[in-house]
Each structure stands twice: as C-alpha cells, then as structure tokens.
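Visitor: Before I ask anything, here is the structure I am working with.
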Amino acid sequence: MSVLLHALGFGLVTSALIALSAVALSLQWAVSGIPNFAHGEYLTAGAYGALAAQTVTANIYLDALAAIAAGALVAWLSNWAVIEPFIRAGMQTGMLFIVTIGISIVLQSVIEMIFGAQTQTYALPAQTLNHIGPFLWTRIEIYVVVLAVTVMLLIHLVLRYTEFGRAIRSIADSRQLARACGVNTTRVINLTWLFAGGIAGVAGYAIAIAGGAFTPTTGYQFLLPTFAAAVIGGVGRPYGAMIGAVIVGITTELGAAYVSAGYKQVIAVGLLVLVLFVRPTGIFPAVASGGRVGA
Amino acid sequence: VLDYTVNVLTNLAIFATLTLGLDLQWGWGGMANLSYFTFVAIGAYMSAVVTMGPPSFVQHYVLGFSWPFGAGVAVGVASAGVLALVMGIVALKRLRQDYFVIVTLSAGVIISQVVTQTGSLFGGAAGIYGIPQPLASASWLSPSVYPRFFLALCLVCLLVTYLILRRLHDSPFGRALRAVRDNEAAAQAFGHDVFKLKLKAFVIGGMVAGLGGALLGAYLTTFDPGAWALGETSVILVAVLLGGRGRPVGVLLGVAIIVGALQEGTQFLPSIASHPDFSAALRMLIIGILMIVMMRIRPQGLLPERPRRDRWSPPAKTTPRQPRGLGEQASRSAR
C-alpha cells in the first residue's frame, strides 16, 4: 500500500511537470499546426534562464520570471525566424517537422556552448519531508504542484475569458477563417508562441528544481512524454493535454515502482505509440462544444 | 599521415554506405525515418554477437557463435531487415506522415532503452567490446597493412551497395517509388500498391543500414548505446539533405562534405581548456544550421535528382511555360 501511495505521490509531481510542458506544446501545436521537435529545448532554456538569474538573486520565486522570459524569447524567436517563413512558403508538415529537429539541434548546441555540457544545480533551501494527505512530499515538490495548478488555472482564464484566448481558439479551428473574420492572425500567432514559450520556460524551471540537477539535454528527455500527453489528450487541446499528463505521469511512476525505474521512458513512449495507433485523435476527441481549443 | 587518411576514408566509406540506405527510405520513399541509426545499431550488435566467442564473465551478451565475418554481416543485414519489416508493417499501414515520423522516433527510443536496461542482451549500457575484425589474425596481413585492407573491404561494400541502388533507382520499382513520394494519390490511381512499395523500400534501406552497422562495429571494435543517439541519425539526415535527396551521387557528395569536411575538419580546431565540449557543440550547431538553411534555400540539395523525360515525347528545347493560372496561384500562396 505504501509503495502504491509513494508511487502515486511521485506520479502526481511528474504529472504536474508534464502538464506544464504538454499544455505549452498543445497551444503552439494548435495555432501552428506542426508537432514541434524543438519544444524540449524551450524547457531547457527555462531551466538555464533561471540558473543565469541565480547569479543576481537567490530567490527561487523571482528566478521563475527569468525562466518565463527565456522560454518565451526562444520560442518566439524560433517561430519568427524559422517556422513561420517555412509555413508561408507552403512547406508540408512532415518536412517542417524535420526543420524543427534542426531548430532543436541548434538551440541545444547553443545552450551547451554557453553553459557547457556539465550537470548544473540550483542553490535550493534545505529540504524537509511533509505529509500532505496520504502523500509524502518535499517542500519543493509541493511548490511544483501548486505552481502547476496555478498556471493551469491562469491558462484556463486566458483561453476562456480574454479576446486573445478566443482568437487562439479560432485560429486553431481554421487560420483562413479566422483571418477572414478580422482576427489579426500574425499578431495572435506571435503572441501564442510567446505565451506557450513562457509556459514551457516555467515547465523547464519546475523540472530543474524538482529533479535537482539538469544538463543541456534535460528538456529533450521530456519531449516524448510531453508528446505522449499532448497526443493522448487530443492534438491541440490544452485541457486534454492536462488529463493526458496525469495519465502519463502516473503510469510512468507506477511502472517505475512496480517494474523497473529504467523503463520510465519506455512506458511513456509506449503509451504515445499505442494512442497514435488506436486513437490518433486522442482519447477525448468529442469536447462538448466541438471547439478544438477549450470547451 | 597515411594512417590518418586511411582512417578518415574508412569512416567515410562506412557512412556513405549508411547514407545510401537512408536516401532510399527518405529520398526516394519520402519516409523520414528518425530511428535509422537503430537499424545500424542492430546490424552492428547482431553481427558482433555471432562473430564473437562465447560470453565470458567480464562481459555479457547473447549467442557468441564465433562465426566468420561474412556470416556475421549476413546476420546483421538480415536482422536489420526483419526489424524494418516489422516496424514498416506496423507504422506504414495507417499513419499520417508526421505521425510516422513520431512513431519511428519512439520505436528507436524504446529499442535503445531496452538494450541499455537489459544487460544480458548486448552488454547493456557498457556495450560490447572486442568485436573481431575480419581476417585480423591472418599471417599474410601485417598489422601495419591491416587498416588498408579494411578500407578496401569497406570500399568494396560501398561500391556493391552503390551499384545495386543505382540499378534500383532506374528500375520500375525505383520509379514507382518516387512517383509515390511525389504524389501518392496519383500513383495509386495508376495501380501501384503504395504500401507494398514503401514497405519494400523501408526493408531494403534497413538492410543497407544493417550492412553499414556490421562494418561500423568491426571498424570500431566496440559498440554501446552511447554511440547511437539521435545526433547520429541527424548527421546522416543532413548528409542526404545537403547532397540531394533521391540521387545516389548527390548523397555521396553530401557525406563527403558532412563527415569528411565537418567531422574531420573541426577536429583540428584548438580546444578550449575551460570548455571541453565547445567544439562538439559547435559541430552540432553547424549541422543544425545547415539543416534549416538547406531546407530554406535549396531543399532539392546540391546535386538534385534529375527528372526523367518521357522516352516518347520530343526533347524539350526550352523549359515549358507554366499555365498562367497555376503560376499566379503559386505566387499568391507564397506571399
């Protein structure tokens, strides 16, 4: 029983991390229509952005702002400089995916050239274990879960109640229709990349503090679990991605507890492949109102 | 200097063989296989474990038949081919192109993780070492001449692969395959079995990867999961892209530039003491930039595929003018 609870506790923390990352991927996938291979590097950028900020302030809450800025900047830049020109030139999705691999390689090597390939850690306050309900979590793990839930709520508010959120949803349905209806698509797409990049930055920062240490490939290792969550939830549906993240997070940690910790990645990727074959539309395709983003 | 040249050339010959296989899958068949290096690895592992002696207590692996090198190569090629057949049947049947890419990537990750975690299979994370080289103990081959012999062997393999693929390229199979790549619906309408053509290409490409893998394993004499990340596949991917997809000569040029000039050339860069990973990162950076820039300015590669002219139509003296409506439409959508 305690093994199960322990694994569930871990699973929820992992879910929180994947949820942050997957929602960002999902938003960006919805407006640009491409699975972005470079997404993992936005996470890494967030982690390193916070690391750079630590030389200025040791306050980990303030460092989160630097993570947001770094993720947003890198994501916006990769869209503005590379992806959007390719889309306008009419390149097909399969080839664009290869282009995003190129972006991923470029970003990862730039980060490695600046910070080196060695393992980095944040200076964190001492850790204590707390019982929260049935789970045993460290202070940092509580912080990560609270952070994730807060960000999810914020995203919900933005998508549901702002003009920007409505514009995102309309572009996700059809870029041409949205433009015809007077939505300034270029501006909204740019803003979405900034927004999604910022969330990815937070995700990278959360991954770095929850894991304790990170390298230039940390974000990349989260790429396939993120894809798994986004695809399970239905491509381009942020709310589905949140549920997908919980499924992926808990399954991998249960697998780690009962099978072997070495198979975490295999389980997440296996889920991804399974869903692509069985239900490529995701397991929550019929959202009540039929909207692609939001409900 | 001669030894160094021989080494570089051997490396080049092996990578050229590998790249020809990926070009068959991606360049002719339109299947961007991100797990290509998985087939290389399977070829290397399988040919290694059948040519090596029984496993000792210092390293663990399966089989260990002490078979001769030729049999090892055959096993490596066959097992990579079987893996490609299985993966192809599953992935090509019903997936969209972008999902196909994700699935191949995932399959590569799963296989590499399983190999890493299962120590008894191919030595786990530590890998296997002491892979026997063909005729290494033959008395008429002195150690100083041996690298040259191995280079000759690799060149022969490359030449044979090249000639076979050259023939395939102009064969009905090759032409049908490229027709499928260019317009799947049209090719289908002309009676081609798209799935079968793609599967065939996927398997042949996988077998070429197996052959290259067997050579690579014997050349390095060691193989472990670390030698097998996405980075390796992207190097080959860029080589295909740079040279020109769908044309074997172009692919050879691409390999010469990427592996020859970039990999070997950057080894002479002065290393920065405080930053040991700098030149490796720089090399990857150049590869990534090349990937993006080539896609943007010259997606057809340096030596693009030449469209074959219909034998029966008179040779066109001037380039045919596009119908007006089409051209306008194209320029408008580009804006």
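The values are calculated or read from the model by the stated rules, or taken from the named source; none is laboratory data. Here the structure is a predicted model, which is why all the values come from computation and not from measurement. Here the Cβ is made from the backbone with ideal geometry for all residues, glycine too, and neighbour counts use every protein chain on show. Quick note on the areas: whole protein, heavy atoms, side chains included, nothing else; ligands and nucleic acids left out. Shrake-Rupley method; radii C 1.70, N 1.55, O 1.52, S 1.80 Å.
Visitor: May I ask you to give the solvent-accessible area per residue for segment A:180-281, in square angstrom, as obtained with a 1.4 angstrom probe?
Guide: 32
Visitor: A follow-up question, please. R0 = 30 Å: FRET efficiency of B:Phe65 with B:Ile164, Cβ-based, nearest 0.05?
Guide: Approximately 0.60, to the nearest 0.05.
Visitor: For an R0 of 35 angstrom, estimate the FRET efficiency from the Cβ-Cβ distance between B:Val293 and A:Val259 and round to the nearest 0.05.
Guide: Rounded to the nearest 0.05, the efficiency is 0.20.
Visitor: Could you give the length gained on full extension between B:Ala256 and B:Leu282, defined as 0.36 nm per residue of separation minus the Cα-Cα distance, in nm?
Guide: Gain on stretching B:Ala256 to B:Leu282: 7.5 nm.
Visitor: Using a 1.4 Å probe on the protein heavy atoms only, what accessible surface does B:Val75 show? Give it in Å² to the nearest 10.
Guide: B:Val75 exposes around 40 Å² with every protein chain in place.
Visitor: With all protein chains present, calculate the accessible area of B:Leu285 using a 1.4 Å probe and round the result to the nearest 10 Å².
Guide: Rounded to the nearest 10, that gives 30 Å².
Visitor: Would you work out which of B:Gln188, A:Ser32, A:Ser260 lies farthest towards the positive end of the dipole of the protein assembly as shown, given +1 charges on the beta-carbon of Lys and Arg and -1 on that of Asp and Glu, about the Cα centre?
Guide: B:Gln188
Visitor: Continuing with this model, one more query. Can you compute 3J(HN,Hα) from phi for each residue in segment B:247-264, using the Karplus curve 6.51 cos²θ - 1.76 cosθ + 1.60 with θ = phi - 60°, rounded to whole Hz and x for Gly and Pro?
Guide: Once rounded to whole Hz, the list reads 9, x, 5, x, 4, 4, 4, x, 5, 4, 6, 5, 6, x, 6, 6, 5, 7.
Visitor: How many Å² of accessible surface get buried when B and A come together, counting both sides, probe radius 1.4 Å, rounded to the nearest 100?
Guide: Accessible area lost upon association: around 3700 Å².
Visitor: Between A:Thr150 and A:Thr128, what is the spin-label point distance in nm, taking each point 7 Å from the Cα along the Cα→C-beta axis?
Guide: Distance between label points: 2.0 nm.
Visitor: I need the phi-derived Karplus couplings for segment A:82-90: 6.51 cos²θ - 1.76 cosθ + 1.60, θ = phi - 60°, integer Hz, Gly and Pro marked x.
Guide: 10, 5, 4, x, 5, 4, 5, 7, x
Visitor: Using 0.36 nm times the number of residues separating A:Arg88 and A:Thr55, minus their current alpha carbon distance, what extension gain do you get?
Guide: Extra length from A:Arg88 to A:Thr55 when fully extended: 7.8 nm.
Visitor: Summing Lys, Arg as +1 and Asp, Glu as -1, what charge do residues with Cβ under 14 Å from the Cβ of B:Ala280 carry, B:Ala280 excluded?
Guide: Once all neighbours under 14 Å are counted, the net charge is -3.
Visitor: Farthest toward the dipole's positive end in chain A, which of A:Gly182, A:Ala123, A:Asn79, given Cβ charges of +1 (Lys, Arg) and -1 (Asp, Glu) about the Cα centre?
Guide: The residue sitting farthest along the positive end of the dipole is A:Gly182.
Visitor: Taking Cα pairs under 8 Å and at least six residues apart, what relative contact order does segment B:14-125 come out at, in percent?
Guide: 30
Visitor: For A:Phe135, what charge total do you get from the other residues with a beta carbon under 12 Å from its beta carbon, if Lys and Arg give +1 and Asp and Glu give -1?
Guide: On the way: positive: none; negative: A:Glu141, A:Glu253.
Taking every other residue near A:Phe135 into account, the sum is -2.
Visitor: Treat every Asp and Glu Cβ in the protein assembly as shown as -1 and every Lys and Arg Cβ as +1, leave all other atoms uncharged, and give the resulting dipole magnitude about the Cα centre to the nearest 20 debye.
Guide: Computed charge dipole of the protein assembly as shown: roughly 2340 debye.
Visitor: I've got another one for you. Ignoring any ligand, DNA or RNA, what whole percent of the accessible area of segment B:3-79 comes from carbon and sulfur when the probe is 1.4 angstrom? It would help to have the intermediate numbers written out before the result.
Guide: Details: 1640 of 2250 Å².
In segment B:3-79, the share of accessible area belonging to carbon and sulfur is 73 percent.
Visitor: Also, I was wondering about something else. Which number gives the lysine pairs in the protein assembly as shown that have C-alpha atoms under 30 Å apart and are eight or more places apart or on different chains?
Guide: 4
Visitor: I'd like to check one number: the per residue accessible area of segment B:6-51, probe 1.4 Å, reported in Å² as a whole number. Could the numbers behind the result be given before it?
Guide: Numbers: 450 Å² over 46 residues.
Here the residues of segment B:6-51 average 10 Å² of exposed surface.
Visitor: Read phi for every residue in segment B:170-182 and hand back ³J(HN,Hα) as whole Hz from Karplus 6.51 cos²θ - 1.76 cosθ + 1.60, θ = phi - 60°, with x for Gly and Pro.
Guide: Once rounded to whole Hz, the list reads 9, 6, x, 4, x, 5, 5, 4, 6, 5, 4, 4, 6.
Visitor: Just from the alpha-carbon atoms, what are the Rg and Dmax of the protein assembly as shown in angstroms?
Guide: 25.5, 83
Visitor: Then there's this: Do you know the relative contact order of chain A, to the nearest whole percent, from alpha carbon pairs under 8 angstrom that are 6+ apart?
Guide: Value for chain A: 36 percent.
Visitor: Another question, then. I'd like the residues of segment B:279-297 whose 1.4 Å-probe accessible area shrinks by no less than 40 Å² going from the isolated chain to the full set of protein chains.
Guide: B:Ala281, B:Leu285, B:Met291, B:Ile292, B:Met295, B:Arg296
Visitor: Here is a further query. Got a number for carbon plus sulfur as a percent of segment B:91-220's accessible area, 1.4 Å probe?
Guide: Reported share for carbon and sulfur atoms: 64 percent.
Visitor: Of the heavy-atom accessible surface of chain A (probe 1.4 angstrom), what whole percent is carbon and sulfur?
Guide: 68
Visitor: Using the alpha-carbon atoms, what tilt in degrees (0 to 90, nearest 10) does helix A:223-232 show relative to the longest principal axis of chain A?
Guide: 60
Visitor: If you don't mind, another one. How much length, in nm to one decimal, is gained on full extension between A:Leu191 and A:Leu5, taken as 0.36 nm per residue of separation minus their Cα-Cα distance?
Guide: Using 0.36 nm per residue and subtracting the Cα-Cα distance, I get 62.9 nm.
Visitor: Still on this structure, please answer the following. In what sequence, largest accessible area first, do A:Cys181, B:Cys157 appear using a 1.4 Å probe?
Guide: A:Cys181, B:Cys157
Visitor: For the pair B:Arg148 and B:Gln97, what calculated FRET efficiency results from E = 1/(1 + (r/R0)^6), where r is the Cβ-Cβ distance and R0 = 60 Å, to the nearest 0.05?
Guide: Efficiency, from the Cβ-Cβ distance: 0.85.
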